[in-house]
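Notes to accompany the following structure.
Computed from the coordinates by the stated procedures, all read-outs in this text should not be read as laboratory data. Since the model is a prediction, treat every value here as computed from it, not as a measurement. When we count neighbours, we look across all protein chains shown, and the Cβ atoms used for this are built from the backbone with ideal geometry, even at glycine.
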Amino acid sequence: MSKLNIYTLGNFEIRNDSVNITEKAKTDSKCWKLFQYLITYRDREVSREDLIMEMGLNENDDPESSLSALMYRLRSKLNDKLKIPPAQKIISTRGCSYTFNQSIDYWLDAEMLEETCQKIRGLLEEGHNSFDEIMELFDKALDLYRGNYLEDAPSHRWVWTARQYYRQLLTSTLQEITEQMQEEKQYSRLWSYYEKIGHQIKFDEDLLIEAIELLLKAGKTGLAFQKYREAEKLFEDNDLIKPPKLVELKTRLPQKNHADPRSYLQEIHSDGEDEGPYICDADTFTRFYELEIRRTRRDLPPRQLVQIDLETSSGKCSGKELADNFFSLLSNQLRNSDIVCRWHECSFVILLVDVTPEDAEKVIERIENSFKAIYDVPDYIELQSEMLELGKTGQKLQF
């Protein structure tokens, strides 16, 4: 039996090596719900009575037989898909209880997230000086957290409890490393962590407030005010009462005087001095692109527009985790004069400023080589790139 890879953070998946055995399965069926429940409580022996209640079988004419039939279907499904002998059952029987067999060769993202966060806390408690090692581990934790626990599953009590646990695990770990990162003046990297987690976890008031406070400490008052308005609107649009901490935070924010454009624009200028490319959405990228087209009518340094797609032999890549890693790589390896947009999940556009076509090709080659080396990209994933020099051709990229 090859290693069983189980993904629970984000959409539920089971992979046998590179094959997704749940790809065409109805993962919200009772059969897979049973597996998800046993995975969630993998350290327990779950009684038949508990499973009958949690699976909603208690109203059947014969709940015991219904559970036995459901367990048989689950085991048969797993055994057929994984081609394993009956002696290596993934679900073990212990008297009148069932448990996930942890002696098999398996990998579970939720388990790896726990181990990674525990390692970070251990290093912090030891007063470990290896800042790079702690950051590497937290990057790994962010890659593992693809979304809420069993995101596509109905919000049963046990699912919600697990979601809260893993969300709290990630956010509390971020809070623990924040102080050290501030001491190291790693404001840009720390802000990127808050931004990334903020896209996955909504309505975490502590996270929102800490992100704004972080910007204030970094002297980025303009961006702090913008993020405060976004947080305020988030609560207003969802008819939620603003937490007292958020209300109090407003008194610490500068009051914008838009009547004086010089001071306001100067503040925006100081907020934009981070290293790394400018990350934006498709609409903003389009406006920049139109502006750069107009600018190329004058005698200015060359600008290259690059489109990079992650593809498989059968078409567009559907691997969100892999695409997230590629987006992170672009954010880290390009300059602050460049502009990056994630147009679709696996499609990216980049505007390289003051770069010749020859140098742009070298940049693309370096990015592709780094991506394959760092993230162990499978052979069936290809990076398809297309480039045009602004002002030199009437050709248009097809987004």
ask   = When we measure straight from the Cα of LYS89, which lysines land under 16 angstrom away, once same-chain ones fewer than 8 places off are left out?
value = LYS3, LYS77, LYS81
message = Under 5 Å between amide hydrogens, which residues at least 5 positions from PHE12 or on another chain qualify, with H placed 1.01 Å from N in the peptide plane?
response = GLU151, ASP152
remark   = Going residue by residue through the range 237-246, the Karplus relation 6.51 cos²θ - 1.76 cosθ + 1.60 with θ = phi - 60° gives ³J(HN,Hα) values, rounded to whole Hz and with x marking Gly or Pro, of 5, 9, 6, 10, 6, 5, x, x, 4, 6
task = Could you tell me which of GLN164, PHE131, LEU82 has its Cα farthest along the dipole of the range 62-183 towards the positive end, charges placed at Cβ (Lys, Arg +1; Asp, Glu -1), taken about the Cα centre?
result = LEU82
Long-range Cα-Cα pairs in the range 124-252 (distance over 21 Å), rounded percent = 47 percent
remark   = Quick calc of log₁₀ I(q)/I(0), the range 4-104, Debye, one scatterer on every Cα, no solvent, q values 0.14, 0.16, 0.17, 0.18 1/Å, result -0.52, -0.69, -0.78, -0.88
ask   = Can you run phi through the Karplus equation (6.51, -1.76, 1.60; θ = phi - 60°) for the range 162-179 and list ³J(HN,Hα) in whole Hz, with x for Gly and Pro?
value = 5, 4, 4, 4, 6, 5, 5, 4, 5, 5, 5, 5, 4, 4, 6, 8, 4, 4
key: Of LYS26/LYS320; LYS185/LYS372; LYS30/LYS119; LYS320/LYS362; LYS33/LYS372; LYS233/LYS320, those spanning more than 24 Å from alpha-carbon to alpha-carbon   = LYS185/LYS372; LYS30/LYS119; LYS320/LYS362; LYS33/LYS372; LYS233/LYS320
request  = Could you list which residues have their amide H under 5 Å from that of ASN336, counting only those 5 or more apart in sequence or on another chain, with H placed in the peptide plane?
outcome  = GLY276
note = Residues whose built amide H sits under 5 Å from the amide H of TYR106, excluding neighbours closer than 5 in sequence, are LEU4
task = Kindly state, to the nearest 0.05, the FRET efficiency for THR93 paired with SER385, given R0 = 41 Å and r defined as their beta-carbon distance.
result = 0.15
